[in-house]
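Right, one structure below, let's go through it.
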Amino acid sequence: MAIKVGEKIPSVMLKTMAKDGMKNLGTDEIFKGKKVVLFALPGAFTPTCSMQHLPGFVKLADKIKAKGVDTIACLSVNDAFVMDAWGKDQKVGDKVLMLADGNADFSKAVGLTEDDSEWGMGLRACRYALVAENGVVKRLNVEEGEAFEVSSAETILAAL
């Protein structure tokens, strides 16, 4: 069952890369007392994710943050090394927090997974975007099938 608007983000440990190496970063730390836009996608370096989804949030980061958003985070079922390399490739800088959900713990906890075994990718995060305030989901836009419409940076910016 997928998380719903009004529900609390589950407490899960994710990973990210810092200047001194990989570090654990809990969802409690990411979301507590903050307004956060988190978008998830099936995989780093994949076509739609690399050409549209992540670049849109990088491009509009300043406008999104101007709407009172403290953190913009990108989550994928990849390891922290891949997410770090992808962030560097996409010139993310400090605009988007790159989060690795390597074992799909967060994706499973929020009920937003898809089986991409036919592509050789296994269990992955669905493509979606959410807005949370102090750890509570205020908006949740989940894509249907292969679509890329409701989780785009433009759509989220318009909704803020």
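Readers should treat all values here as calculations from the given coordinates under stated rules, not as data from a laboratory. Because the structure is predicted, anything quoted here is derived from the model rather than measured. For neighbour counting, all protein chains shown are included, and Cβ atoms are generated from backbone atoms with ideal geometry for every residue, glycine included.
Selection among VAL150, VAL37, GLY102 by position relative to the dipole of the stretch 13-159 gives VAL37 as farthest towards the positive end (Cβ unit charges, Cα centre).
Summing +1 for each Lys or Arg and -1 for each Asp or Glu among the other residues whose beta-carbon sits under 15 angstrom from that of LYS88 gives -1.
Out of the DSSP beta bridges found with both residues in the stretch 13-159, what percent are antiparallel (nearest 5)? For the stretch 13-159, the DSSP antiparallel bridge percentage is about 70.
About its Cα centre, the chain has a charge dipole of approximately 720 debye under the convention of +1 per Lys or Arg Cβ and -1 per Asp or Glu Cβ, with nothing else charged.
Take the Cα of LYS19, go 7 Å toward its beta carbon, and the backbone nitrogen atoms of the stretch 56-99 under 16 Å from that spot belong to 93-95. Remark: for residue pairs LYS8/LYS59; LYS19/LYS91; LYS19/LYS59; LYS4/LYS108, the C-alpha separation exceeds 18 Å in LYS8/LYS59; LYS19/LYS59. Straight-line reach from LYS67: taking Cα to Cα under 15 Å and skipping same-chain neighbours fewer than 8 places apart, the aspartates and glutamates in range are GLU133, GLU154. In the chain, the calculated helix contribution to ellipticity at 222 nm averages -6500 deg cm²/dmol per residue, counting -39,500 (n - 2.57) for every DSSP H run with n ≥ 4. In plain terms, the chain from ASP28 to LYS67 could stretch by 11.8 nm, reckoned as 0.36 nm per residue minus the Cα-Cα distance. Working from Cα pairs under 8 Å separated by at least six residues, relative contact order for the chain is 31 percent. Between LYS8 and PHE81, the simple spin-label model (points 7 angstrom out along Cα→Cβ) gives 3.6 nm.
Can you pull a Stokes-Einstein diffusion coefficient for the stretch 13-159 at 37 °C (0.692 mPa s), Rh from Kirkwood over Cα pairs, as a whole number of µm²/s? Estimated via Stokes-Einstein, D reaches 219 µm²/s.
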